[in-house]
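Participant: Please read through the structure below; I'll follow up with questions.
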Amino acid sequence: MRRFGVWLRTALMALLFAVVILFTQTWFFKPLKLEWFYTRAFASLALESPEMLTSLGMLSGWLDFHSSRLDDASLAQERATADELRANMATLEEYDRNALGRADQLSYDILHYYLRMEIEGEAFQRHFFEFNPAFGEQNALPEFMTELHQIRSKSEAKAYIARLRLFPQKFAQKLEGTRLSEEQGIFMPRFAIERVLEQMQAYTGKPAKEHQLYLNLRDKLAAIPAESMDEATRAKLLADAESAIRHQVYPAYAQLIAHYADLLPRVMSSHGAWSMPDGDAYYAWAVRTHTTTDLSPRQVHELGLAEVAKVGAQMDKILQAHGLREGSIGARVQQLASDPRQHYPDTTEGRQALLERFRVLVSEADRNMSQAFDLRPKQKLEVRAVPEVSQASGAGAYYVPAAIDGSRPAVFYVNLRAPREVPKFAMRTVVYHETMPGHHMQMSVAQEMTDVPFFRRVIPFTAYQEGWGLYAERLAGEMGLEPDPLDSLGRLRDEMMRATRLVVDSGIHYKRWTREQAIAYMMENTGMGEQEVTAEVERYFVLPGYALAYKVGMLTILGMRERAKQELGDKFDLKQFHREVLSHGALPLIVLNRVVDDWIAVRRKG
């Protein structure tokens, strides 16, 4: 018996030693298996990002160590992340790609592309505007708190308050990088600084108890059953939140307001990326990164001009048929959109009717998907109104994917602040882009993949995701889901906006257009209102290249489909094509092209 005990202890020690050796090899050196490296690479980045873990809905319950923390945005962490990306690239390239199977080669190529573009982007780290008026931290952090931080218990509410208290630290870290950019001569355009000041002054110009961060907590605590939380606990949590907003959140914004108020008199220009140090190289990188292609700024501009002409001709035909023959495309669409018959009443009943109509359209789209798809999401989709506390600053409509652990459903949000902003002829195309067959279809299918490395379920490539959304709008029309010609005009209006983005973004950053030139061009061609166009153009100034992703992605997918039809003839199957495009998760377009070419070759032989 004693001999058996000695043997058992020896065996357990040997096993423990082997596990330690294996863990050390996997975490600190080249893992023995490539899939272990993928897991390590994703895990090490995710564990450094509490906000990513919350967004994905990972490590909840007793595993939750992150919900009371925010990301470390310090320059030291920025350098550490850059070092880690380069180390991951070096390790990845130690594996022999040619020895891998097709599926593993695809994972290799996706990660290699992502790492390469991130590493190339290190040269332009200071070119980003951390507090830009479109997606800056001053807007993104409150949106993260209200939309993604779950509050279903006392512990989650306390974590929410703990995060409120970290606003000063997060903003100070981001401001450190901003000051470094400004020392290098990189400034936001003057109008963007003015917008940021307006936003932040409005954001903090109300009592803490009327702030959206307080009201969000109040409403979510009210939804917790009385048997799970008593009134005294609710009152204490709300008092703590009010204190955090007054003593941490508002002072954090005050620091930013002081910085930009001091900066404003010293910034007199409003130019594109070309005016920055190494601006042309930066914009060329931004074009490649956001389109995930090898397109140059010149090619993007020429492509945009051609697409504006093509889409404009289609719009003109519909407008002429409806008796709208005089004026520019934009002016005629504006005339149609201003017709009171195109709007729901600006009343409580009208807003509810608008929301219900969106729900009907989502259900209708879902019922018709079998025409073009043999796969569909398992995740539940809800249609909700944007909370009143977020309506003023929120987008008109947007999609938030479900949490991976199922704790949060996918939601299509509709902003009811002003029904006149949503003409009836534009409602369908919004639904098809955001829900089915658009973002909900694509992102849910990606999240539900089980036979690929985890990073492929969540990695973002904007040109693929937004290109699919725009392609979905066109596809829905082809499926007969535009019963009225004006529904087609609504789709074309939005497609025209994406086409003009190619011209305007490259015009601003490559051809040195002024803000006024860009606004005039979009007004003439899109049918959007001046206020909306101005907001769009100002966004392009502070996010070079991002706006290109939509149309380039759509054209790439359409080009693949046409190529497959021509090469396969009677063997072409639309459902199988969509399965091939969707079933690998988000891909760089340059990689997706190869995937579809391989699929065509296999189908041709079969």
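The values are calculated or read from the model by the stated rules, or taken from the named source; none is laboratory data. Not measured: the values here are computed from a predicted model. Cβ placement follows ideal geometry from the backbone for every residue including glycine, while neighbour counts extend to all protein chains displayed.
Participant: Taking the range 334-382, which residues are assigned to a loop (DSSP other than H, G, I, E, B) and more than 30 Å from ASP573 (Cβ to Cβ)?
Facilitator: Scanning the range 334-382 gives SER338, ASP339, HIS343, TYR344, PRO345, ASP346, THR347.
Participant: Within the range 133-155, work out how many residues are of a type in the set (Asp, Glu) and modelled with pLDDT of 95 or more.
Facilitator: Filtering the range 133-155 down to residues of a type in the set (Asp, Glu) leaves 137, 143, 147.
Still in the running and modelled with pLDDT of 95 or more: 137.
Residues in the range 133-155 being of a type in the set (Asp, Glu) and modelled with pLDDT of 95 or more: 1 in total.
Participant: If you don't mind, another one. Are any residues in the range 521-577 over 16 Å from GLY507 (Cα atoms), of a type in the set (S, T, N, Q) and touching a helix residue (DSSP H, G or I) at 6+ places or on another chain (Cβ under 6 Å), and if so, which ones?
Facilitator: THR526, THR556, listed by residue number.
Participant: Scan the range 331-352 and tell me whether some residue there is outside the structural domain of ARG218 (by TED's automatic domain parsing), farther than 21 Å from MET497 by Cα and under 28 Å from the mean Cα position of the chain (by Cα).
Facilitator: yes
Participant: List the residue pairs whose Cβ atoms are under 8 Å apart, where the first residue sits in the range 561-584 and is in the same structural domain as HIS439 (by TED's automatic domain parsing) and hydrophobic (A, V, I, L, M, F, W, C), the second is buried (at least 16 other Cβ atoms within 10 Å of the Cβ) and modelled with pLDDT under 95, and the two are 6 or more positions apart or on different chains.
Facilitator: Filtered contacts from the range 561-584: no entries.
Participant: Now for a separate question. In the range 393-422, what count of residues is obtained for those that are touching a Leu at 6+ places or on another chain (Cβ under 6 Å) and small (Gly, Ala, Ser)?
Facilitator: 1
Participant: A follow-up question, please. Residues being modelled with pLDDT under 95 and of a type in the set (Lys, Arg): count how many of those fall in the range 578-606.
Facilitator: Adding up the residues that qualify gives 3.
Participant: Checking the structure you have, find out if any residue of the range 454-461 is more than 24 Å from PHE144 (Cβ to Cβ) and either part of a helix (DSSP H, G or I) or within 22 Å of the chain's Cα centre (by Cα) (or both).
Facilitator: Among the residues of the range 454-461, not one is more than 24 Å from PHE144 (Cβ to Cβ) and either part of a helix (DSSP H, G or I) or within 22 Å of the chain's Cα centre (by Cα) (or both), which makes the answer no.
Participant: While we're on this one: Test of understanding: among MET449, MET443, MET436, which residue is touching a residue at least 24 places away in the same chain (Cβ under 8 Å), part of a loop (DSSP other than H, G, I, E, B) and either crowded, with 23+ Cβ neighbours inside 10 Å or not assigned by TED's automatic domain parsing to the domain that holds GLU364 (or both)?
Facilitator: MET436
Participant: So for the range 512-525 (the condition being small (Gly, Ala, Ser), modelled with pLDDT of 95 or more and surrounded by 21 or more Cβ atoms within 10 Å (Cβ to Cβ)), does at least one residue qualify?
Facilitator: yes
Participant: Name the pairs whose Cβ atoms lie under 9 Å apart, with the first residue in the range 90-106 and closer than 24 Å to ASP597 by Cβ, the second of a type in the set (Lys, Arg) and surrounded by 13 or more Cβ atoms within 10 Å (Cβ to Cβ), and 6 or more positions between them or separate chains?
Facilitator: Once the first residue is closer than 24 Å to ASP597 by Cβ and sits in the range 90-106, its partners that are of a type in the set (Lys, Arg) and surrounded by 13 or more Cβ atoms within 10 Å (Cβ to Cβ) give TYR95/LYS30; ASP104/ARG97; GLN105/ARG97; LEU106/ARG456; LEU106/ARG594.
Participant: Across the range 462-516, what is the number of residues that are closer than 24 Å to TRP285 by Cα and in a helix (DSSP H, G or I)?
Facilitator: Filtering the range 462-516 for residues closer than 24 Å to TRP285 by Cα gives 462-470, 497-515.
Applying the additional criterion that residues be in a helix (DSSP H, G or I) yields 462-470, 497-509, 515.
Residues in the range 462-516 being closer than 24 Å to TRP285 by Cα and in a helix (DSSP H, G or I): 23 in total.
Participant: If I filter the range 151-162 for residues that are polar (S, T, N, Q) and buried (at least 17 other Cβ atoms within 10 Å of the Cβ), do I get at least one hit?
Facilitator: Taking the range 151-162 as the starting set, the residues that turn out to be polar (S, T, N, Q) are 153, 155.
Adding the requirement that they be buried (at least 17 other Cβ atoms within 10 Å of the Cβ) leaves none.
Scanning the range 151-162 turns up no residue that is polar (S, T, N, Q) and buried (at least 17 other Cβ atoms within 10 Å of the Cβ).
Participant: Related question: Any idea how many residues of the range 146-167 are assigned to a helix (DSSP H, G or I) and of a type outside the set (Val, Ile, Thr)?
Facilitator: Going through the range 146-167 one residue at a time, the tally reaches 12.
Participant: Among helices (runs of 4 or more DSSP H) lying entirely in the range 204-289, which contain 2 or more residues that are of a type in the set (A, V, I, L, M) and surrounded by fewer than 15 Cβ atoms within 10 Å (Cβ to Cβ)?
Facilitator: Working: elements: 212-222, 231-244, 250-263.
Correct list: 231-244, 250-263.
Participant: If THR348 satisfies all but one of (1) loosely packed, with under 15 Cβ neighbours inside 10 Å; (2) under 23 Å from HIS440 (Cβ atoms), what's the number of the condition it fails?
Facilitator: Here THR348 meets the rest and fails (2).
Participant: Going by the structure shown, is ARG266 more than 25 Å from the chain's Cα centre (by Cα) and either free of Cβ contacts under 8 Å to residues at least 60 places away in the same chain or outside the structural domain of PRO437 (by TED's automatic domain parsing) (or both)?
Facilitator: Values: more than 25 Å from the chain's Cα centre (by Cα): yes; either free of Cβ contacts under 8 Å to residues at least 60 places away in the same chain or outside the structural domain of PRO437 (by TED's automatic domain parsing) (or both): yes.
Criteria met by ARG266.
Participant: I need the full set of residues from the range 502-518 which are of a type in the set (Gly, Ala, Ser) and touching a residue at least 60 places away in the same chain (Cβ under 8 Å), in order please.
Facilitator: Answer for the range 502-518, where residues must be of a type in the set (Gly, Ala, Ser) and touching a residue at least 60 places away in the same chain (Cβ under 8 Å): SER506, GLY507.
Yes/no matrix, rows are residues, columns are (1) touching a Gly at 6+ places or on another chain (Cβ under 9 Å); (2) crowded, with 17+ Cβ neighbours inside 10 Å:
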| residue | (1), (2) |
| --- | --- |
| ARG359 | no, no |
| ASN368 | yes, no |
| GLN371 | yes, no |
| GLN379 | yes, yes |
| GLY406 | yes, no |
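Participant: Let me ask something else about it. Given the conditions (1) out of contact with any Asp or Glu (no Cβ under 8 Å at 6 or more places or on another chain); (2) charged (D, E, K, R); (3) without any contact (Cβ under 8 Å) to a residue 60 or more places away in the chain, and given that LYS209 satisfies all but one, which numbered condition is not satisfied?
Facilitator: (1)
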